[in-house]
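Read through the structure below, which is laid out as structure tokens, and then see the notes.
The values are calculated or read from the model by the stated rules, or taken from the named source; none is laboratory data. What you see is a predicted model; the values in this text were computed from it and never measured. Here the Cβ is made from the backbone with ideal geometry for all residues, glycine too, and neighbour counts use every protein chain on show. Please note that ligands, DNA and RNA were not included when accessible areas were found on the heavy atoms of the full protein model with its side chains. Shrake-Rupley method; radii C 1.70, N 1.55, O 1.52, S 1.80 Å.
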Amino acid sequence: QVQLVESGGGLVQPGGSLRLSCAASGSIFRTNAMGWYRQAPGKQRELVARITNGGSIVYADSVKGRFTISRDNAKNTVYLQMISLKPEDTAVYYCNARAVVVDNWGEYGYWGQGTQVTVSS
């Protein structure tokens, strides 16, 4: 079993900042790619940013220059620093991780429960 626990969401004014964290725990041998997705009301879930355990990063065009993804491999934790937030960034943000588990050495994908980010004045 692998669990992803997210924290750091909340209400922020336009132009403000937030930092999301997601810690993976459980029967993990290694986490591979970790990332953040978001889903706004009435819209499909979309990729925000993803980082491999080697440090390769992909960002959605809409967040480039404003969001920074990073990770601590020793802690199996991924972060998303968000600045210059806009109302259109309002969504539930989900952590995603692919992990190799010690149970059978297979790689599986996992999702966090989601954390709400609301950007409003």
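Among the conditions (1) in contact with a Leu (Cβ under 9 Å, 6 or more places away or on another chain); (2) modelled with pLDDT under 95, the only one that Arg19 does not satisfy is (2). Filtered by the rule that a residue be open to solvent by less than 30 Å² (accessible area, probe 1.4 Å) and outside any strand (DSSP E or B), segment 15-65 gives Gly16, Ser27, Ala40, Ala60, Val63. Met82 meets each of the listed conditions (1) surrounded by 18 or more Cβ atoms within 10 Å (Cβ to Cβ); (2) over 25 Å from Ser121 (Cα atoms) apart from (2). With respect to the conditions (1) surrounded by 14 or more Cβ atoms within 10 Å (Cβ to Cβ); (2) under 14 Å from the mean Cα position of the chain (by Cα); (3) not small (Gly, Ala, Ser), Val12 lacks only one, and its number is (2). The lone criterion from (1) touching a residue at least 12 places away in the same chain (Cβ under 8 Å); (2) farther than 21 Å from Val100 by Cβ left unmet by Gln3 is number (2).
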